[in-house]
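Notes follow the structure.
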Amino acid sequence: MSAKILDGKIIADELRAKVATEAARISAKLKRKPGLAAVLVGEDPASQAYVKSKAKATNEAGMVSFEHRLPETTSEKDLLALIAKLNADDAVDGILVQLPLPKRIDTSRVIEAVDPAKDVDGFHPMNAGKLATGSPSLVPGTPLGCLIMAKKAHASLSGLDAVVVGRSNIVGKPLAQLLIAESATVTVAHSRTKELREVCRRAELLFVAVGKPEFVKGDWIKPGATVIDVGINRVPGADGKNKLVGDVAYDEAAKVAGWITPVPGGVGRMTVACLLVNTLRAAAARAGLEAPNI
Ligand code: GUN
């Protein structure tokens, strides 16, 4: 058996095309383009690449990108002052602060400083709380992307056994909330979970977000399961150059699974597309317009 591929490029491009159409409609009503401000502190190459691709996608969708690149030595006070300025700026509908921040900076304080109405990452406790209590507004992009992909494989997730490996605030926890809202039976596994292989083998839907290259092996997967791999890890390839691999050993897993996401070309693309959706939602909500039809 060989798994069918959930192609993040195709699914994300569909979503981005819808965003572009809705962005044009909302721009006409606002008499300006929706704006997304991205804040990057420091020079981490992966973070730089993410921010660059988010800015490019924002422009391509007919929205405006404001980029703020701050030196590694930036103080928490200066970062909070920039966020206050962006909160007050009417041209800015969405604010994202790229994580991780330098260790000196209190990440929670920074996340809590972002106006919840502009929190397009969905990381503010207000938005996390709304998601957990069943009235989501701005939902984190990576878990939302995972959910959209799972729904391409299954018309309904109701009653399915879902296992989420990883319990981060960015992926694991919000993903578990989204799956509960879809009436899946959800298990959240993590580094202290006993018999992790057996837990994974029970999953009809397996989501892996642990940040460890090829951590989940083929014999951890229930035959026919849907496997959504959130990992993006750089490892040395056979040719000496770095290559990207996921948190799942793809070749082994693809022999067992029913559906699988590749890396690259899987969930990563969905994160950016969902960020654009959130920017549009924030722009519409701030202006009192109806939510975009996406
Ligand atoms: N770092 C890793 N993932 C994300 C994300 O989705 N948003 C932000 N802002 N930083 C991240």
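Values quoted throughout were computed directly from the atomic coordinates according to the rules given, and no laboratory measurement underlies them. Everything numeric here is computed off the predicted structure, so don't read it as measured data. FYI the Cβ positions are ideal-geometry reconstructions off the backbone, even for glycines, and counts take in every protein chain you see.
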message: What are the ³J(HN,Hα) couplings of the stretch 132-146, residue after residue, when phi is run through the Karplus curve with 6.51, -1.76, 1.60 and θ = phi - 60°? Round to Hz, x for glycine and proline.
response: 5, 9, x, 10, x, 10, 9, 9, x, x, 5, x, 4, x, 4
query: Helix-derived [θ] at 222 nm for the chain: sum -39500 (n - 2.57) over DSSP H runs of at least 4, divide by residue count, nearest 500?
result: -13000 deg cm²/dmol
field: Long-range HN-HN contacts of Gly42 with modeled amide H, under 5 Å
entry: Leu70, Glu72
- prompt: Do any GluC sites (Glu not before Pro) in the stretch 3-106 lie in a DSSP loop with no more than 13 other beta carbon atoms within 10 Å, and if so, which?
  reply: Glu43, Glu72
task: Restrict the search to the stretch 180-259; then list the GluC sites (Glu not before Pro) that DSSP places in a loop and that have at most 11 other Cβ atoms within 10 Å of their Cβ.
output: Glu195
- prompt: How do the peptides 33-39, 159-165 rank, highest first, by the average count of neighbouring beta carbon atoms within 10 Å per residue?
  reply: 33-39, 159-165
- request: Return the sequence-ordered ³J(HN,Hα) values of the stretch 103-116 in whole Hz as given by the Karplus equation 6.51 cos²θ - 1.76 cosθ + 1.60 applied to θ = phi - 60°, using x for Gly and Pro.
  value: 4, 5, 8, 7, 4, 4, 4, 5, 4, 6, 7, 6, 4, x
log10 of Debye I(q)/I(0), alpha-carbon scatterers only, for the chain at 0.07, 0.09 Å⁻¹: -0.26, -0.43
query: Quick one: of the DSSP bridges fully inside the chain, what percent are antiparallel, nearest 5?
result: 10
query: Expressed as a whole number of Å, what is the distance separating the alpha-carbon centroids of the stretch 225-242 and the stretch 114-164?
result: 25
- line: To the nearest 20 debye, the stretch 141-269 has a Cα-centred charge dipole, built from +1 on Lys and Arg Cβ and -1 on Asp and Glu Cβ, of 240
field: Loop sites in the stretch 215-294: trypsin sites (Lys or Arg not before Pro), DSSP, at most 16 other Cβ within 10 Å
entry: Lys217, Lys241
